[in-house]
Amino acid sequence: MSWLETLRTGLNGVRTHRLRSGLTVLGILIGIAAVILTVGLGEGAQAQVSSEITSLGTNLLTISPGSSTSSTGIRGGFGTASTLTTADATALASETVAPDIRAVARSPSRRRP
């Protein structure tokens, strides 16, 4: 079987089944458009998140309480300790205690039962 005969057979099949061929082409086009749209939205969202993180600056430091250990020896997850107090935030804001810190923004949080 030669390439010319193969091409002729393929074109004959496309010509005789026009609706099937058209729907196949339509499905391929919709699939390609969906992939391009998904990739574009993903890259756009990534760029937006990156720009928001960059706008925070390189000199931002977040301090959170660590984990606590109960009297039975069971260690809780990150943030279960309530070791940071208002006095800690006040001390960090003091120029004599921490002269390199420009500002402190205290963010209170409550434990959920």
Number of the exception - Ser55 against (1) modelled with pLDDT under 80; (2) among the small types (Gly, Ala, Ser); (3) open to solvent by 80 Å² or more (accessible area, probe 1.4 Å): (1)
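Restricting the search to the range 1-25, which residues are among the hydroxyl-bearing types (Ser, Thr, Tyr) and either part of a helix (DSSP H, G or I) or touching a Lys or Arg at 6+ places or on another chain (Cβ under 9 Å) (or both)?
As a first pass, look at the range 1-25 and keep what is among the hydroxyl-bearing types (Ser, Thr, Tyr): 2, 6, 9, 16, 21, 24.
Answer for the range 1-25, where residues must be among the hydroxyl-bearing types (Ser, Thr, Tyr) and either part of a helix (DSSP H, G or I) or touching a Lys or Arg at 6+ places or on another chain (Cβ under 9 Å) (or both): Thr6, Thr9, Thr16, Ser21, Thr24.
The values are calculated or read from the model by the stated rules, or taken from the named source; none is laboratory data. Just so we're clear, the structure is a prediction, and the values are computed from it rather than from any experiment. Counting neighbours? That spans all protein chains shown, and the Cβs are built from the backbone with ideal geometry, glycine included. When the accessible area is computed, the model is the full protein with side chains, heavy atoms only, and any ligands, DNA or RNA have been set aside. Shrake-Rupley method; radii C 1.70, N 1.55, O 1.52, S 1.80 Å.
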